[in-house]
Structure formats: C-alpha cells, structure tokens
1. Within the range 185-201, restricting attention to residues that are touching a residue at least 60 places away in the same chain (Cβ under 8 Å) and more than 16 Å from residue 168 (Cβ to Cβ), which residue is surrounded by the most Cβ atoms within 10 Å (Cβ to Cβ)?
2. Take the conditions free of Cβ contacts under 8 Å to residues at least 24 places away in the same chain, crowded, with 19+ Cβ neighbours inside 10 Å and closer than 24 Å to residue 112 by Cα and apply them to residue 26. Does it pass?
3. Under 6 Å between Cβ atoms, which residue pairs at least 6 apart in sequence (or on different chains) link something in the range 166-181 that is farther than 21 Å from residue 104 by Cα with a partner that is of a type outside the set (A, V, I, L, M)?
4. Which pairs do you get when a residue that is closer than 17 Å to residue 230 by Cβ, found in the range 138-161, comes within reach of a residue that is polar (S, T, N, Q) and part of a helix (DSSP H, G or I), reach meaning Cβ atoms under 7 angstrom, with the pair 6+ apart or on two chains?
5. Picking from 171, 221, which residue would you name as being of a type in the set (Lys, Arg), touching a helix residue (DSSP H, G or I) at 6+ places or on another chain (Cβ under 8 Å) and either in the same structural domain as residue 118 (by TED's automatic domain parsing) or modelled with pLDDT under 95 (or both)?
6. It is to be established whether one or more residues within the range 185-198 are farther than 14 Å from residue 96 by Cα and touching a Cys at 6+ places or on another chain (Cβ under 6 Å).
7. If I filter the range 249-284 down to residues being of a type in the set (Asp, Glu) and touching a residue at least 40 places away in the same chain (Cβ under 8 Å), which single residue comes out as nearest to residue 213 (Cα to Cα)?
8. Among the residues of the range 243-277, how many are in a helix (DSSP H, G or I) and either aromatic (Phe, Trp, Tyr) or surrounded by 13 or more Cβ atoms within 10 Å (Cβ to Cβ) (or both)?
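The values are calculated or read from the model by the stated rules, or taken from the named source; none is laboratory data. As the structure is a prediction and not an experimental result, all values here were calculated from the model. In this analysis, Cβ positions are derived from the backbone assuming ideal geometry, glycine residues included, and neighbour counts consider all displayed protein chains.
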Amino acid sequence: MLETIVMHGGHGLPYSKGLMAQSLSATGLSPERSFELARAVERRLLDGGVRQIAAVELGDLTEQVLRSEEGEASLRRFRDWRRLDRLERPLVVLIGGTTGVGKSTLATMLAARLGITRVIATDVVRQVLRAFFTHEAMPAVHHSAFEAGGVEGYREQAGQVATGIAAIMQRAAEEAKPMVIEGVHVVPGMLGSELRSRCVVAEALVVVSDADLHRGHFTHRRASRPPERYLQSFEDIRRLQRHLVGCAGEGGVALIENQNVDDSLGRLMQLVLDTVGQAEDRQR
C-alpha cells in the first residue's frame, strides 16, 4: 500500500491512524469513533493519490471529514485543539483536589487526550522533600496531606511543596513544554503572577460532593493502599475538600464535580480548550 508522507518543519513521517485518532479524541469522541474517522482521512488521502501533504493541510482535510461526519460542534473542538500548536507560551494544566476524588485518573486521561507526555504528581515533590529534609527540619512533609495537622498543617505542607511546583513550572516555561500538574498540594489560586505570565495556565479543582460516593472511591484503590487508613481519616479529608472549595471560590477556579469520569474529562477538556482559545486571542 502506498503511504502518504506528512511534512512538518522540513521533516516527514508516514501518516499514522493512531496519532490522528489521538488528535481526534481531543474533541471528546470515543477512541473507537476517533479511529474510524482517522481511517476515513486515510481513505481520502489514498483515493486522491496524495503522496505528500503538509501537516497544516492534513489538519484542514481532517476538518472537512469532521464537518461531514460529526458536525460543527466536533469541528469547533478540533479547531480549538489545533490552537495548542500556535501558543507562544507552554500550556500548564493544574488539577487540585483532596484525596480520593479521582484527580490522578483524570490528569492521566486528559494528558493522553491532549498528547501531553509530562504529568507531574505533587506527591512526588513531597517525597523528594522528605528524602532531603529530616522530620525535625521539615515535619509537615513527613505526613499525608490529610494527616498534617488539620487545615493549618496542610497549608504549611502545601506551601513547602509549592516551591517545587514553581521550579517545575519554571522549567516548563524555559523549555516551552506543556505539562499537567496534579495533586492535593495544588491550592486553587496559589500561582503567582510571574509564573502565570510565562505559561498558559488552565486550573481546576476536582471535587466529589456526595460523601457516600467519595467514601466508595477508597474501596476501589490498589491493595498496596488499603482503604482503612483513608476511611479512618475520612472526615479530615472532607474538611480539607471544603477548605479547597473555599479557596477555589476566592480564586475564581473552576470546580469539576467528578461523579462520572467521562463527563468530568469532557468538562476538563473544554476548560483547557477555552483557556487556549482565550490565550491565542490575546496573542493576536
């Protein structure tokens, strides 16, 4: 079978249905439907005898397929996704939330949809601090966020971890690489104006308002993290969520109610695409 070479930046690679399906999934389409449309794009290339095509022209062709097969709503979301490549500053998605709300799962799924390869968990930053500082020197980081001594202890821990988060974002800005940062230490509205000016920041707080649903999340965790520890501290975890919701209200940060993962992912995607669209409008 003849292959179509996609040219970008002076280099060419064969058209990939897998990569195209990943791009199309950013519109909210299922993986199966995204792959079907990626094959439809391939058929148009082959039927037209196209041996080489610029990446921009491939994007235009994909838009034609989306318009005819899915309609204007999917086309609009795909156009919003294409804006990611035109940003002058790197995209950084900040996803906060207390223990057990599903933020790590959503962060991983979102990164896959957006084609972002860097997903940083703030617990990793805390673990690094624990390795370098003794309990006597920095006691707050030697406890889980919900065991750090109430809201005040949590704020102290989050403030210490924030230094590491800022350093990671500085690196992202210098390398112009997009990333997703997730964790309980992402305090809504915590980011300073200097970092915001260097990155395109989309920020959300994941919550589970229904206490029974939230409690149920812990019973589905891996065996390496038995639920008893979390269930014993459940009221502390819920108290921390209420504090974070208050911070989100003060900072104008979006709340993502995570009752259904697919719906929550769709809302997160729309938040990111809206943020990217606004950033590109300001560049013009």
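1. In this case the residue turns out to be 188.
2. Numbers: free of Cβ contacts under 8 Å to residues at least 24 places away in the same chain: no; crowded, with 19+ Cβ neighbours inside 10 Å: yes; closer than 24 Å to residue 112 by Cα: yes.
So residue 26 does not fit the description; no.
3. So the pair list comes out as 173/198; 173/199; 176/90.
4. That search, which allows pairs on different chains as well, returns 145/157; 148/157.
5. 221
6. Restricting attention to the range 185-198, the residues satisfying the condition of being farther than 14 Å from residue 96 by Cα are 192-198.
Right, trim to touching a Cys at 6+ places or on another chain (Cβ under 6 Å) and you get none.
Within the range 185-198, not a single residue is farther than 14 Å from residue 96 by Cα and touching a Cys at 6+ places or on another chain (Cβ under 6 Å).
7. Looking at residues that are of a type in the set (Asp, Glu) and touching a residue at least 40 places away in the same chain (Cβ under 8 Å), I get 257.
8. Residues that pass the stated criteria total 21.
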